Amino acid sequence: MNNKEFKIQNSKLNIILIGGGGHCKSVVDVIEQQNIYTILGIIDTKENIGKKVLGYDVIGCDDDLKQFVSTCNYALITVGHITSNALRVRLFNLAKEVGFTLPVIISPLAYVSKHAKLEEGTVVMHHALVNASASVGKNCIINSKALVEHDVHIEEHCHISTGAIINGGVHVKANTFYGSNATCKEYVTIDGFIKAGSIVK
């Protein structure tokens, strides 16, 4: 390894992932592709401490979060959200409370307009598109191949699932789950649980 490569490697930011299930695996892949952060480890349940997720150690549980803040400024919630986002919201609030910064994570294979706004803790997965004048609140998942069109406003703690289409000017209320391949009419308001394949008028 030459000096230039060494400096680049050591300039990466350390991050801890909170939640070690299936969604975590997808986020690990995004972070690895992004090549901005080094994953120091994963927070999960007590019984999983010492196990690995895609080669990364489970280093603690929720109760241990505070002890990692001094060595790692960044964390991301990698618990998924389908029927309920209660755990995801609780962990987000806990991470903020103990002092972590929750960055926006965008796959290099996604497109996010420079005229869009994304808030803390939101992740945009592979091949998703977020177009001009869209806004996405904190702690949201814009999942693989989802389309968020112009002037869409998504409030906090939402999951826009795989292949979902949100057309122009739509307002998505906080805590909404919008299922895979769901499609909506433009300029409607969406709230609650939208099942996969729905057409929202």
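The values are calculated or read from the model by the stated rules, or taken from the named source; none is laboratory data. Predicted model only: the values in this text are computed from it and were never measured. Cβ placement follows ideal geometry from the backbone for every residue including glycine, while neighbour counts extend to all protein chains displayed. Surface accessibility is based on the protein's heavy atoms, side chains included, excluding ligands, DNA and RNA. Shrake-Rupley method; radii C 1.70, N 1.55, O 1.52, S 1.80 Å.
Write down the accessible area per residue of the chain in Å², having rolled a 1.4 Å probe over the full set of protein chains. Before the final figure, lay out the partial values.
On the way: 9780 Å² over 201 residues.
Accessible area per residue, the chain: 49 Å².
For the stretch 134-201, what is the charge dipole size about the Cα centre, in debye to the nearest 20, if Lys and Arg each add +1 at the Cβ and Asp and Glu each add -1 at the Cβ? Could you put the intermediate results ahead of the total?
Working: 6 positive and 6 negative charges, 44 e Å.
That gives the stretch 134-201 a dipole magnitude of about 220 debye.
Which whole-percent values make up P(r) of the stretch 75-147 when all C-alpha to C-alpha distances are grouped in 5 Å steps starting at zero?
Calculated over all Cα pairs of the stretch 75-147, the distribution is 4, 17, 25, 25, 15, 11, 2 percent.
With every protein chain in place, what's the accessible area of V152 (1.4 Å probe, Å², nearest 10)?
Surface accessible to solvent at V152 totals approximately 0 Å².
Run lengths n ≥ 4 of DSSP H only: what is the helix-derived mean residue ellipticity at 222 nm for the chain, with -39500 (n - 2.57) per run over all residues, to the nearest 500? The partial results should precede the final answer.
Details: 4 runs with 38 residues, N = 201.
That comes out to -5500 deg cm²/dmol.
Expressed in nm to one decimal, what extension gain is obtained for the pair Q33 and K46 from 0.36 nm per residue of sequence separation less their Cα-Cα distance? Walk me through the intermediate numbers first.
On the way: separation 13, 0.36 × 13 = 4.68 nm, distance 2.88 nm.
So the extension gain works out to 1.8 nm.
Starting with the highest mean, order 128-138, 79-89 by the number of other Cβ atoms within 10 Å, averaged over the residues of each peptide. Don't skip to the end; give the middle numbers.
Working: 128-138: 19.9, 79-89: 17.2.
Sorting 128-138, 79-89 by mean packing, highest first, produces 128-138, 79-89.
What does DSSP give for the chain in terms of the percent of beta bridges that are antiparallel, rounded to the nearest 5? Numbers along the way, then the final one.
Details: 2 of 42 bridges.
The antiparallel proportion sits near 5 percent.
Mind checking the log10 I(q)/I(0) for the chain at q = 0.09, 0.13, 0.19 Å⁻¹? Debye, one equal scatterer per Cα, no solvent, two decimals.
-0.34, -0.68, -1.29
Taking +1 at the Cβ of each Lys and Arg and -1 at the Cβ of each Asp and Glu, which of I166, V69, L40 sits farthest along the dipole of the chain towards its positive end, judged by Cα position relative to the Cα centre?
I166
Leaving out ligands, DNA and RNA, and with a 1.4 Å probe, what % of the accessible surface on the stretch 107-201 is carbon or sulfur? Please list the in-between numbers first.
On the way: 2080 of 4070 Å².
That fraction is 51 percent.
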